[in-house]
């Protein structure tokens, strides 16, 4: 009898966890789709507003190039400084935290580059 109760005590939380995970994945999938659709829609609205203004297009291109230069400069700076950081024997988590601005600039640069490419493709489209 104790074995049966023990099996039920162990099985019920596992089943409940499985049901919760299937529900969470289903809801999470739809919420992520909605989020990415909203982001895409806002990006398309920005492109539509800027595509006939050649000064704005030029500004976006210059902003992309400035971010690229900033990323390359940060990469060179962190490459030199992390070399001495690793040799001093400090913990790798601290190194990851110190290099996080590089990742932030890289992600912003990649987002801006994709936006600028989409903007350039849609310049002077009538539709």
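Among residues of the stretch 65-85 that are under 14 Å from residue 100 (Cβ atoms), those with a beta-carbon under 6 Å from a residue that is outside any helix (DSSP H, G or I) at least six positions away or on a different chain give the pairs 78/99.
Filter the stretch 93-127 for residues that are in contact with a helix residue (DSSP H, G or I) (Cβ under 8 Å, 6 or more places away or on another chain) and not in a helix (DSSP H, G or I) and give the result. Residues satisfying the conditions are 99, 122, 123. Would you check if residue 88 is loosely packed, with under 10 Cβ neighbours inside 10 Å, at pLDDT 90 or above, over 25 Å from the mean Cα position of the chain (by Cα) and at negative phi? Considered against the rule, which asks whether it is loosely packed, with under 10 Cβ neighbours inside 10 Å, at pLDDT 90 or above, over 25 Å from the mean Cα position of the chain (by Cα) and at negative phi, residue 88 comes out as no.
Give 75, 71, 52 a once-over and let me know the one that is outside any helix (DSSP H, G or I) and either touching a helix residue (DSSP H, G or I) at 6+ places or on another chain (Cβ under 7 Å) or closer than 30 Å to residue 120 by Cα (or both).
Working: 75 fails: outside any helix (DSSP H, G or I); 71 fails: outside any helix (DSSP H, G or I).
Criteria check complete, one pass: 52.
Please determine whether any residue of the stretch 24-43 is closer than 28 Å to residue 122 by Cβ, outside the structural domain of residue 118 (by TED's automatic domain parsing), surrounded by 10 or more Cβ atoms within 10 Å (Cβ to Cβ) and touching a helix residue (DSSP H, G or I) at 6+ places or on another chain (Cβ under 7 Å). Yes, the conditions are met somewhere in the stretch 24-43. The selection criterion, being free of Cβ contacts under 8 Å to residues at least 60 places away in the same chain and surrounded by 15 or more Cβ atoms within 10 Å (Cβ to Cβ), does not hold for residue 110.
The values are calculated or read from the model by the stated rules, or taken from the named source; none is laboratory data. Bear in mind that the values here come from a model prediction, so they are computed numbers and not experimental data. In this analysis, Cβ positions are derived from the backbone assuming ideal geometry, glycine residues included, and neighbour counts consider all displayed protein chains.
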